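Engineer: Supplied in structure tokens, the structure appears directly below.
The values are calculated or read from the model by the stated rules, or taken from the named source; none is laboratory data. Note that this is a predicted model, so its numbers are computed, not measured. Cβ coordinates were reconstructed from backbone atoms using ideal geometry, including for glycine residues, and neighbour counts include every protein chain displayed.
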Amino acid sequence: MTRVYLIRHGETEWNLARRYQGHSDVLLSEKGREQARLLVRRLAGEKIDRVFASDLSRAIETARAIAEGHNTALILEPRFRECNFGAWEGMTFTEIEKAYPEEIKTWHTAPGRLQLPGGESFAIVQCRAYEAMMELVKKHEGEGIAIVAHGGTIRTLLCAILEVDLDRAWQFRQENTALNIIEFYEGKGIIERINDVTHLIPGAFPDGKSWVE
């Protein structure tokens, strides 16, 4: 069995502004850094042997805090990047709705069917990210591995694990520093937690104690 901690990065200023980031390299906000610190406390009692992350700064900074907390190296894997939003990169939700009215309708209702203008499709993201994750699951059998990625990427991975259509991707909420836990047995994933952000609730996490006992 391989236990995977699949984690979204902390908040950025672009998240707050509802601006599409994609491959744009945006740093964590101060709130995002605090979220990462709270996540590290949440994971203190978990067995995490290895930490991997997308090669974008917001994921790296979140993952580095986890790696330091578990005294292990951080390894970067570009295949865990967010979807490349192409022409939408840097635009707000409102700006996209005005400039791409038909495309945004498809994006909201059937995201698995849209090839983003000048960018990727969710199918491409899922293919690269799932391949990377399953390589790690196979290579690190019996270990606990943390993977810090992005909201869109994680949604495509959850669809792959559950073998559901990518058009259902928006049915998986993913908050900043959301924790998803999946146990893999012979290549099949059993989901234990999705979008767990209890570590962000004031006073919810007792110091020095594992959340899951």
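Engineer: Please verify whether the range 60-82 includes one or more residues that are aromatic (F, W, Y), in a loop (DSSP other than H, G, I, E, B) and surrounded by 15 or more Cβ atoms within 10 Å (Cβ to Cβ).
Structural biologist: no
Engineer: Given the structure, is G10 at pLDDT 95 or above, buried (at least 18 other Cβ atoms within 10 Å of the Cβ), in a loop (DSSP other than H, G, I, E, B) and out of contact with any Phe, Trp or Tyr (no Cβ under 7 Å at 6 or more places or on another chain)? If you could, list the steps in order and put the result at the bottom.
Structural biologist: Working: at pLDDT 95 or above: yes; buried (at least 18 other Cβ atoms within 10 Å of the Cβ): yes; in a loop (DSSP other than H, G, I, E, B): yes; out of contact with any Phe, Trp or Tyr (no Cβ under 7 Å at 6 or more places or on another chain): yes.
Spelling it out, G10 is indeed at pLDDT 95 or above, buried (at least 18 other Cβ atoms within 10 Å of the Cβ), in a loop (DSSP other than H, G, I, E, B) and out of contact with any Phe, Trp or Tyr (no Cβ under 7 Å at 6 or more places or on another chain).
Engineer: Which number in (1) in contact (Cβ under 8 Å) with a residue 40 or more places away in the chain; (2) in contact with a helix residue (DSSP H, G or I) (Cβ under 9 Å, 6 or more places away or on another chain) marks the one condition that A17 misses?
Structural biologist: (2)
Engineer: Right, here's the next one. Against the condition at pLDDT 95 or above, part of a loop (DSSP other than H, G, I, E, B), over 19 Å from the mean Cα position of the chain (by Cα) and surrounded by fewer than 16 Cβ atoms within 10 Å (Cβ to Cβ), how does G45 come out, does it pass?
Structural biologist: Taking the combined requirement at face value, the residue does not satisfy it.
Engineer: So the check is Cβ under 6 Å with 6+ separation or different chains; which pairs have a first residue in the range 105-118 that's at negative phi and assigned to a loop (DSSP other than H, G, I, E, B) and a second one that's surrounded by 14 or more Cβ atoms within 10 Å (Cβ to Cβ) and among the small types (G, A, S)?
Structural biologist: Close Cβ pairs (under 6 Å, with a partner that is surrounded by 14 or more Cβ atoms within 10 Å (Cβ to Cβ) and among the small types (G, A, S)) amount to L116/G86; P117/G86; P117/A87.
Engineer: Considering each residue of the range 136-194, count those that are assigned to a loop (DSSP other than H, G, I, E, B) and of a type in the set (A, V, I, L, M), and give that number.
Structural biologist: Here the count works out to 2.
Engineer: Within the range 120-131, is even one residue assigned to a helix (DSSP H, G or I) and either in contact with a Phe, Trp or Tyr (Cβ under 6 Å, 6 or more places away or on another chain) or at pLDDT below 95 (or both)?
Structural biologist: yes
Engineer: Which ones in the range 195-205 are in a loop (DSSP other than H, G, I, E, B) and surrounded by 11 or more Cβ atoms within 10 Å (Cβ to Cβ)? Break it down into steps so the answer makes sense when it comes.
Structural biologist: If we filter the range 195-205 for residues that are in a loop (DSSP other than H, G, I, E, B), which is where we start, we get 197, 201-205.
Across the range 195-205, the qualifying residues are V197, A204, F205.
Engineer: With respect to A169, is the statement that it is free of Cβ contacts under 8 Å to residues at least 60 places away in the same chain and crowded, with 19+ Cβ neighbours inside 10 Å true?
Structural biologist: Yes.
Engineer: Only one of (1) exposed (fewer than 14 other Cβ atoms within 10 Å of the Cβ); (2) touching a residue at least 40 places away in the same chain (Cβ under 8 Å) is not met by E135, so which one is it?
Structural biologist: Condition (2) is where E135 drops out.
Engineer: I'd like the full set of residues that are in contact with a strand residue (DSSP E or B) (Cβ under 6 Å, 6 or more places away or on another chain) and of a type in the set (D, E), limited to the range 64-82.
Structural biologist: E77
Engineer: Next question, about the same structure. Going residue by residue through the range 15-35, is there one that turns out to be surrounded by fewer than 18 Cβ atoms within 10 Å (Cβ to Cβ), among the small types (G, A, S) and over 16 Å from the mean Cα position of the chain (by Cα)?
Structural biologist: yes
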